[in-house]
Every structure is written in C-alpha cells, then in structure tokens.
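K.L.:
Please see the structure below; I have some questions.
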Amino acid sequence: MKVHHLNCGTMCPVGGRLMDGPDRGSGPARLVCHCLLIETDRSGLVLVDTGLGIQDVRSPRPRLSRFFMTLNRPQLIEEETALRQVERLGFRAGDVRHIVITHLDFDHAGGIEDFPQAMVHVYGTELAAARERRGGMTGRGRYRPLQWDQGVHFQTYEVGGDAWFGFQSVRNLQGLPPEIAMVPLIGHTWGHCGIAIRAEGGWMLHAGDAYFYISEMDTASPRCTPGLRFYQWMMEVDRSARLANQERLRLLKRERGPEIRIFCAHDAVELQGAQSHASVAERAAARPGQRVISPEAGMPASRGL
Ligand SMILES: [Zn+2]
C-alpha cells in the first residue's frame, strides 16, 4: 500500500508562537490538517480524515462556526482540499471508496461530502456524539452536521477483535484490508480514534488529535506550548482519559519506536518529516540495494516551551 501524506487545511490560529513554538520562524502560527491517501490493491483509494472540504473554503458560513473561524483562522485554500489533491495525483473523486475518520470535528470531517461514493468508517460513539452535538457551546461549534448530513454512507463500529500493540482496537473494517485498524484514543472527543496502517516499512499510527505538538511525544521530557495546552484543555471531553492515552502513546513510542511511526493531525513539522520519509523510501524502492537513511536523523530538534 502506498501512503501519501497530505495537508488538507492550513490554520493560522490566534496566539502566534504561543501555539506552535518559538523555534518555527517568524510570522503567524501554522497548524496543518494531516490526512492520508492510501492506494490499496483491492479497496481503491482510502482517505484517513478529510480536512476542510470544497464547500468549507468556498462558503465557510454557516458550515463552520464563527467562533472557531475567529480562533483557528482557517486559510480556506481550495487547492489544499483533499479532492483537489486527489485530482492532482491523477485520480477522481469516485476512486476514493473509503474514508476512515479519527473524529468528526469540523477540521477533520469537512471533505466527507466531496467523495459521495465513499463509505465513511467511524467509531459509533463518535457519530452519536456528533449527531447530538454533545458538549454545549463547544459541541455545537466543533460538530457541524452541514458537513456530513447529505447522503453520507456511515459505517459504525464498537471495539472488537485483536488488540493492537496492547491497545483496544477495531479490526476488519468492512471492505478494507486488515492492515488498516481503528484504535480508540478517547478524551479529545467521546469517540476519538487513532488509525493504524501497516504499509511498506512497518506500522504507522495517525493519532488524530490525541496530542497536538511533536514534543508531547518526547519520551524523556514531554512538553507542549502554552497555546496548544490551552486549546486541548478547552476541547477535551475526558481529561483523565486524554492524558492517560498520551502516556500510553509515549510508552508505545519508547518500547516500539523503530517499528511504529506515530504522528498527530496538526503538527506541521511532523507532517514535513512524514512527507520526506515517504519520498526517501519511495526513491529507495525505485533503486533497490540503496541504503535508506531516515530524514528524521536530520530533523531540527524541537525545543518547545
Ligand atoms: Zn483537529
């Protein structure tokens, strides 16, 4: 399976470097929406998360809430939408047969309706929370049914099947190869999941919004910027579960680091690292016998705050 790492929505949130750290240059903070496009042998194209969609960028109101537009300042660039990137890679919308979603927040679910042929796989608890718009004012702002209420074919799941490296998981997603699994990481929302994928070179885990900043996964001294710490606190629905899951992810990284590549949805440095790792691996596959040197070795150390 070939995996493309895409940014399907740039946000420049209020707070500047208090959000993404003082070591990322001048100018506004920059958060990405890290999505995956997976080319499978028998299941067509699979998207993991969808970022912002065509209608979000063309006419954001009322699809997006005024509050989150002001706070997160999405840049609304049509070329960044998943649909336009799928087309640039030479495919059509109808080639995307499946969407696996970490959770239904507006910055992950916006592109769902751009792929009307796709089955949307979601943890059942998450779809229920999103339909109820659970969580008061935050719930009404984060869950935007206009993004996914027109003819979307949802497939919901409960936990079941084999564990994934000690985590509860959902295996055997309908119509998808066993190399793709959902791994519930509750806390940010009621039914938030990571998505595990076994591609060439080993497992990767798209951890969604289980954490936001690369240094939160530092196994020796985890840290987060004040802005992103505040944002995660504001958005959480279960603090102890969220923090416990972050700790379990660090443990997984400490024990299985070389085998499993872990990244979250919004860190621009992680996205860049994943993209260069993928292109180095691709070049090496095209020239067998050549030794692969991970670009991570040369990645800038993240200082955090
Ligand atoms: Zn998010």
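K.L.:
Find the residue count for region 219-246, including only residues that are within 16 Å of the ligand (Cβ to nearest atom) and either surrounded by fewer than 21 Cβ atoms within 10 Å (Cβ to Cβ) or not in a helix (DSSP H, G or I) (or both).
P.N.:
Residues that pass the stated criteria total 10.
K.L.:
Exactly one of these conditions fails for G21: (1) crowded, with 21+ Cβ neighbours inside 10 Å; (2) within 19 Å of I195 (Cα to Cα); (3) small (G, A, S). Give me its number.
P.N.:
(2)
K.L.:
Pick from region 247-278 the residues that are more than 17 Å from I197 (Cα to Cα) and of a type in the set (A, V, I, L, M): which of them is surrounded by the fewest Cβ atoms within 10 Å (Cβ to Cβ)?
P.N.:
Across region 247-278, the extreme among qualifying residues is L251.
K.L.:
Shifting gears a bit: From the list T81, T156, which residue is polar (S, T, N, Q) and under 16 Å from the mean Cα position of the chain (by Cα)?
P.N.:
From the options T81, T156, the qualifying one is T81.
K.L.:
Filtering region 146-164 down to residues that are of a type outside the set (V, I, T) and surrounded by 14 or more Cβ atoms within 10 Å (Cβ to Cβ), which residue is nearest to A196 (Cα to Cα)?
P.N.:
The residue in question is W164.
K.L.:
Got at least one residue in region 58-68 being under 16 Å from P13 (Cα atoms), of a type in the set (A, V, I, L, M, F, W, C) and in a helix (DSSP H, G or I)?
P.N.:
Yes: one or more hits.
K.L.:
Any residue that is of a type outside the set (D, E, K, R) and within 19 Å of F68 (Cα to Cα) - is there at least one of those in region 164-178?
P.N.:
Within region 164-178 (the criterion being of a type outside the set (D, E, K, R) and within 19 Å of F68 (Cα to Cα)), the answer is no, since none of the residues qualifies.
K.L.:
Given the structure, is F91 assigned to a loop (DSSP other than H, G, I, E, B) and in contact with a Leu (Cβ under 7 Å, 6 or more places away or on another chain)?
P.N.:
Taking the combined requirement at face value, the residue satisfies it.
K.L.:
Continuing with this model, one more query. Within region 244-301, track down each residue that is basic (K, R) and modelled with pLDDT under 70.
P.N.:
R287, R291
K.L.:
Looking at R88 and the list (1) over 18 Å from the mean Cα position of the chain (by Cα); (2) open to solvent by 30 Å² or more (accessible area, probe 1.4 Å); (3) modelled with pLDDT of 95 or more; (4) within 16 Å of the ligand (Cβ to nearest atom), which single condition is not satisfied?
P.N.:
Every condition holds for R88 apart from (4).
K.L.:
Would you point out the residue of region 100-152, among those that are over 18 Å from I180 (Cβ atoms) and hydroxyl-bearing (S, T, Y), that is farthest from the ligand (Cβ to nearest atom)?
P.N.:
T125
The values are calculated or read from the model by the stated rules, or taken from the named source; none is laboratory data. Just so it is clear, the structure is predicted and the values come from calculations on it, not from any experiment. Reconstructed Cβ throughout: ideal geometry from the backbone, glycine too, with neighbour counts over all protein chains shown. All accessible areas refer to the heavy atoms of the entire protein, side chains included, with ligands and DNA or RNA removed. Shrake-Rupley method; radii C 1.70, N 1.55, O 1.52, S 1.80 Å.
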